[in-house]
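K.L.:
Sending over a structure as structure tokens; questions will come in a sec.
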Amino acid sequence: MSGPLPTSSPRRRNGPTIPTTNLPAGGRKGRPPKVPEEYALRKAGTAWWRWAWSLPQAAAWDKGALYACARRAQLEDDLALIDEFDPFDLASVLGLDEEGEQLRELGFVIGRLKSLAGGRLAIVKQMGELDKRLGLDPKALAELRWTIVDDTPKSAAAEPEPEPLADTPAKAPKDGDGLATVHQIPRAV
């Protein structure tokens with residue numbers, strides 16, 4: 001094939017039209033913003049709110065994301081409410097043995113009905129959609145063109161590169177044309 005060899009860093013002719021946003025790996029600094037008044041969060045939602053606002057993605061969120069994040073935190077509370085059921089309370093009311101097979105079966109049936117009637121699947125689906133919108137999964141991070149970069153300060157003196165081990169070559173030998181030389185090892189017959 002004729003023509004020039006490709007360069008080590010080719011320039012793309014079809015480069016991205018939307019620039020990439022670099023997010024600090026250390027996360028968003030400072031306190032989380034106040035939860036909008038329309039959203040009352042309980043324990044699980046408040047914990048998720050604090051966690052979310054410490055993520056690198058939070059550095060790129062705007063005012064609209066504030067409400068999406070509050071809704072996502074509220075869904076954490078909804079999920080926690082669905083999971084609060086304790087079958088042992090019902091067992092004591094019905095007079096069932098707390099170690100018995102009937103209690104385990106009753107707990108399974110009620111838990112399953114609660115998850116179906118309570119909309120657990122719908123809540124988890126909404127959580128996934130909001131996670132995508134907030135850039136909390138890897139695919140959404142790429143679609144939003146967000147990149148998490150190291151934000152630790154560089155020291156004034158860069159650490160020297162460690163020397164290679166004595167039995168391994170540092171670099172492959174090169175011919176005059178810049179290509180690595182391949183040496184043929186004779187086979188034992």
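The values are calculated or read from the model by the stated rules, or taken from the named source; none is laboratory data. All values reported here derive from a predicted model rather than from experimental measurement. Backbone-built Cβ (ideal geometry, glycine too); neighbour counts: all protein chains shown.
K.L.:
Of (1) modelled with pLDDT under 90; (2) in contact with a Cys (Cβ under 6 Å, 6 or more places away or on another chain), ILE18 satisfies all except one. Which?
P.N.:
(2)
K.L.:
Taking the stretch 99-124 as the region of interest, how many residues are under 27 Å from TRP53 (Cβ atoms) and surrounded by 12 or more Cβ atoms within 10 Å (Cβ to Cβ)?
P.N.:
4
K.L.:
Let me ask something else about it. Quick one: in the stretch 48-72, of everything that is part of a loop (DSSP other than H, G, I, E, B) and touching a residue at least 40 places away in the same chain (Cβ under 8 Å), which residue is farthest from the chain's Cα centre (by Cα)?
P.N.:
TRP61
K.L.:
Filter the stretch 1-47 down to residues that are without any contact (Cβ under 8 Å) to a residue 60 or more places away in the chain, in a loop (DSSP other than H, G, I, E, B) and among the aliphatic types (A, V, I, L, M) and give me whichever is farthest from GLY135 (Cα to Cα).
P.N.:
Selected residue: MET1.
K.L.:
If I filter the stretch 1-59 down to residues being loosely packed, with under 10 Cβ neighbours inside 10 Å and either in contact with a Ser or Thr (Cβ under 7 Å, 6 or more places away or on another chain) or among the hydroxyl-bearing types (Ser, Thr, Tyr) (or both), which single residue comes out as farthest from ASP150 (Cα to Cα)?
P.N.:
Per the stated criteria, the residue is SER2.
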